[in-house]
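The numbers here are math on the coordinates, done by the rules we state, and not lab data. A quick note: this is a predicted structure, and the numbers were derived from the prediction, not measured. Methodologically, a virtual Cβ is constructed for each residue, glycine included, from the backbone with ideal geometry; neighbour enumeration extends over all protein chains shown.
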Amino acid sequence: MHELLYGLIGFAVGGFVVWLWMHRQQKSAAEMARELFQHAQSEKQQEMEQLLNRIRDAFGSLSMETLKKSTDELLKMADKVLGDQTKMNAEQLDHKKELIDQTLKSMQSELTRVEEIIHKIEKERKQSYGELANQLRESVEQTRRLQQVTNELNTALSNSQVRGQWGERMAEDVLRLAGFIEGINYLKQHAQGESGRPDFTFLLPHNLKVNMDVKFPLKSYLDYLQAESESERNQYKAQFIRDVRKRIKEVTTRDYIDPKSNTVDYVIVFIPNEQVYAFINENEPGLLDDALRNKVILSSPITLYAILAIIRQAVDNFNLEQTAAEIIGLLGEFNKQWNLFKEGMVKMGKRIEDAQSEYHKLITTRSNQLERPLRKIEDIRSRSQLSLPGNTNEK
């Protein structure tokens, strides 16, 4: 009978351990400990009740003393089994706690590293945001200043006299950039006949000249830029094209092209803005060809610089030709004088040779002829034992 009780208790404890092991795989350490205690108490109570019922059924005829003794032994055995199981569970819980602590430390280290990265990213973001904010403020300020300057420029250019001064200033900037000097390479506001006054006159080789006018009509173009509706823009654009054609005609009726004054067959009309020049090319491309047929060159700042470069090259080539002609003339004169010098040297050489020949005769033939009578006189003196005047030797 005792083996049966022990078997039942062992089976119950084994089932409980299997259930506990399977259940422990799915719970955390804290939940496992709490459920383990609750389940152990519940199982203990149920097992005690079941065991008492079975004992009561199996040993109903035994005395209460025997039953109490068996019950006490059974309770001791159950307490021992439960104690061992609790101890084993506590050890497993400690091991699990160590694993959890290690995992928490690793997670804490990773969280610390992530926090440092986040702080670094946040710092860089604040720095980049600050730089971007400064750039935006500077951009807004520059835009405001540009808008202010644009408004002032539009207001100023609404006056025809100011537009003319602005065109002259732009042309002078291009001239300085090309290396032109007033009074040497060009003349400013030079009187031209009775019907016109060109703004600039460029001096070319062979006393030729080319005139340039900088008074370009811009009012309709400025109105076009400020127009709010499409119809107004079309109206101002058409008016601007008409103004340009009118200006081309005005230039051709003046004395800007006058062969009697040694001007070339073309006149330059300066457009002081590249955008205006591009606008004409885009909206009226045939206008430039029409101007050329009328001997008028429409020139933007860039094309004016190219024209000035050609003029500068032509002047340099002309000066080089003049210099080369002067050098060739000097070389001819040098060659003439060199030939005369060589002839004189030849004559001098011949004279030196003649003098050398005469000198050789003097020191040879003439000297021998003079010394021969002297030797004879010396022989006579020696034979007569006479002394020549000035001889102080005594016998």
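For every residue, the table says whether it meets (1) aromatic (Phe, Trp, Tyr); (2) out of contact with any helix residue (DSSP H, G or I) (no Cβ under 7 Å at 6 or more places or on another chain); (3) in contact (Cβ under 8 Å) with a residue 12 or more places away in the chain.
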{"position": "Ala314", "(1), (2), (3)": "no, no, yes"}
{"position": "Phe318", "(1), (2), (3)": "yes, no, yes"}
{"position": "Glu321", "(1), (2), (3)": "no, yes, no"}
{"position": "Ile327", "(1), (2), (3)": "no, yes, no"}
{"position": "Lys336", "(1), (2), (3)": "no, yes, no"}
{"position": "Gly349", "(1), (2), (3)": "no, yes, no"}
{"position": "Ser367", "(1), (2), (3)": "no, yes, no"}
{"position": "Glu371", "(1), (2), (3)": "no, yes, no"}
{"position": "Glu378", "(1), (2), (3)": "no, yes, no"}
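With Ile271, Ile257 as the choices, which residue is among the β-branched types (Val, Ile, Thr), closer than 28 Å to Arg197 by Cα and touching a Lys or Arg at 6+ places or on another chain (Cβ under 8 Å)?
Values: Ile271 fails: touching a Lys or Arg at 6+ places or on another chain (Cβ under 8 Å).
Matching residue, one of Ile271, Ile257: Ile257.
Which residue out of Thr201, Thr263, Thr253 is in contact (Cβ under 8 Å) with a residue 12 or more places away in the chain, more than 39 Å from the chain's Cα centre (by Cα) and more than 27 Å from Arg176 (Cα to Cα)? If you could, list the steps in order and put the result at the bottom.
Values: Thr201 fails: more than 27 Å from Arg176 (Cα to Cα); Thr263 fails: more than 27 Å from Arg176 (Cα to Cα).
Among Thr201, Thr263, Thr253, only Thr253 is in contact (Cβ under 8 Å) with a residue 12 or more places away in the chain, more than 39 Å from the chain's Cα centre (by Cα) and more than 27 Å from Arg176 (Cα to Cα).
Tell me the residue from Asp223, Asp213, Asp199 that is of a type outside the set (Lys, Arg), surrounded by 17 or more Cβ atoms within 10 Å (Cβ to Cβ) and touching a Phe, Trp or Tyr at 6+ places or on another chain (Cβ under 6 Å), please. Please lay out each step first, then the result.
Working: Asp213 fails: touching a Phe, Trp or Tyr at 6+ places or on another chain (Cβ under 6 Å); Asp199 fails: touching a Phe, Trp or Tyr at 6+ places or on another chain (Cβ under 6 Å).
Sole residue among the options that is of a type outside the set (Lys, Arg), surrounded by 17 or more Cβ atoms within 10 Å (Cβ to Cβ) and touching a Phe, Trp or Tyr at 6+ places or on another chain (Cβ under 6 Å): Asp223.
Return the residues of segment 226-241 that are surrounded by 13 or more Cβ atoms within 10 Å (Cβ to Cβ) and out of contact with any Ser or Thr (no Cβ under 6 Å at 6 or more places or on another chain); say none if nothing qualifies. Full working, then the answer.
Of segment 226-241, the ones surrounded by 13 or more Cβ atoms within 10 Å (Cβ to Cβ) are 227, 232-233, 235-241.
Across segment 226-241, the qualifying residues are Ala227, Glu232, Arg233, Gln235, Lys237, Ala238, Ile241.
Of all residues being within 13 Å of Ile248 (Cβ to Cβ) and among the β-branched types (Val, Ile, Thr) in segment 266-290, which is nearest to the chain's Cα centre (by Cα)? Just the residue, please.
The extreme case among them is Ile271.
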